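Every read-out reported here was derived from the displayed coordinates using simple, explicitly stated rules and does not represent laboratory data. Source: prediction; values computed, not measured. Cβ coordinates were reconstructed from backbone atoms using ideal geometry, including for glycine residues, and neighbour counts include every protein chain displayed.
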Amino acid sequence: MATTSADRILSLDIIRGIAVMGIFSVNVVGMAMIENAYFYPPDYGFHSLGDRIMWAANFILVDGKFRALFSILFGASTILVIERGIAAGKKDWQVHYPRMLALLAFGLAHYYFLWWGDILANYALVGMIAFIFWRLQPKWLLIVAIAALAINYGPTVVLGGQQIAKYEAKRAPDATPEQRKSFDELMKELFSSKEDLAEDKQAHTTLPAHFESIVENEPMRPFQSVPGYGLETLGLMLLGMAGYKTGFLTGGWRRKRYALVAAVCIGASLVYFGIGASRILAADFDPFTYFPWDQIYSGPFHPIAAIGYAALIILLFPSRGVIADRIAAVGRAAFTNYLGATIIGVIVFYEFGLGLYGDVSRGQAWLFAPVVWALMLLWSKPWLDRFRYGPFEWAWRSLSRWHWEPMRRKPLEAPAA
């Protein structure tokens, strides 16, 4: 069973802590170099064996999976917060919607002023929709979640496969000159030009330069994320709600059931992404090998892997301990750790800081990830031993409730588990 306190569930905090650490493992690449290289590695900063090893490790174990896990935890936490609010005498919507509006403000600030890869605005906007379903029974939450994910992934798999087949025909031996020309133009579009790189470098000199670039090029991106991948986020949140209500995410299942879920889900994920990584590497990132494995057919395996990871984490940390408490503290301050990781990335890579943007390879950029993980583990617990919330958690809660929340713990108040 999960260890709980008056307002904490240990398993949720530990899973959330591991998820936010895992997310930075891939986010750091998007902070260090041009965005296109995040989605197609050969575009930039991908020259050595170390770059390929880091890509393969993230592809097999992390990319997409920890974001899915984080989204699942967001859904579970949504119900937890609403239930506490109701117990305190508030209506469910009075608890939820102010939180989402405040989160949206943080997400938009994160996107416009710091980094293009924000997920918070999407969570806030989709979270406003997810609220509609929170009272459903677990069975119906699962049905709606699976339907949302199927509607999201289905067209990608079908239409994406058809599109790949069309482009494959354009490079076939019997392709017409017009088809060959179209294919060559497509290949050129996969790689950033010198002008693209120079413009991107300029946008990462200062925060005002970043803001100007975002407003000029993609001002509506946070809102476009809802029709773009909102169904996926919604499905994952509803999976989290169902996982919370069934006791899966709170440690309420028998260990044998967790072991079975972990073995099946993680096993399926490792098989798919392991084979995919080997084929992509063997094809030297040929786009017609890379994109089907990475972006077209991989989507359904992300929630499968996330569920398996959740089961494994619960198995590994059934109760409190030195390591469990450290990781749980990272999860309790996940909002601060997520935003703090971006702030560190900005300081490291922007020109007004260390100025490493565009000067490191994929593998070199990843070397910052363990350093940031260590910082998360080092600061979170001592801080929460003295204060009730992480700094950004405190700001989020205060904005949501329209009054300053007490921050410092009382002398005899014990830290939450």
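For the reader, a short list of remarks on this structure follows.
- Calculated SAXS-style log₁₀ I(q)/I(0) at q = 0.09 Å⁻¹ - the range 10-401, Debye, Cα scatterers: -0.55
- Least to most buried among ARG401, ARG135 (fewest other Cβ within 10 Å first): ARG135, ARG401
- Global form of the range 106-149, assessed from the alpha-carbon gyration tensor, a/c cut-off 1.5: prolate
- Greater than 29 Å apart at Cα, pairs in LYS65/LYS381; LYS91/LYS381; LYS91/LYS245; LYS90/LYS410; LYS181/LYS201: LYS91/LYS381; LYS181/LYS201
- The angle between the Cα long axis of helix 368-386 and the main principal axis of the chain comes to about 10°, on a 0 to 90 degree scale.
- About the Cα centre, charge dipole magnitude for the range 10-401 (Lys/Arg +1, Asp/Glu -1 at Cβ), debye: 2260
- Centroid-to-centroid, using Cα positions, the range 120-195 and the range 47-95 are 21 Å apart.
- Total formal charge among the other residues, if their Cβ is under 13 angstrom from that of THR246, Lys/Arg +1 and Asp/Glu -1: +4
- Residue-wise HN-Hα coupling along the range 76-92, computed from phi with Karplus coefficients 6.51, -1.76, 1.60 (Hz; x: Gly, Pro): 4, 5, 4, 5, 4, 5, 4, 4, 5, x, 5, 4, 8, x, 9, 7, 4
- In this structure, the amide hydrogen of PHE387, modeled 1.01 Å from its nitrogen in the peptide plane, lies closer than 5 angstrom to those of ARG409, counting only residues at least 5 positions away or on a different chain.
- Taking chymotrypsin sites (Phe, Trp or Tyr not before Pro) in DSSP loop conformation with at most 11 other Cβ atoms inside 10 Å as exposed sites, the chain has its longest uninterrupted site-free stretch at 1-401.
- Seen against the Cα atoms of the chain and their longest principal axis, helix 255-282 is set at about 20 degrees.
- Likely footprinting exposure, GLU178, GLU212, fewest C-beta neighbours within 10 Å first: GLU178, GLU212
- Normalising the average separation of contacting C-alpha pairs (under 8 angstrom, six or more residues apart) by the number of residues puts the relative contact order of the range 10-401 at 35 percent.
- Angle of helix 120-130 to the longest C-alpha principal axis of the chain, folded into 0 to 90 degrees and rounded to 10: 70°.
- Fewest-first sequence of THR176, THR233, THR156 by Cβ atoms within 10 Å of each Cβ: THR176, THR156, THR233
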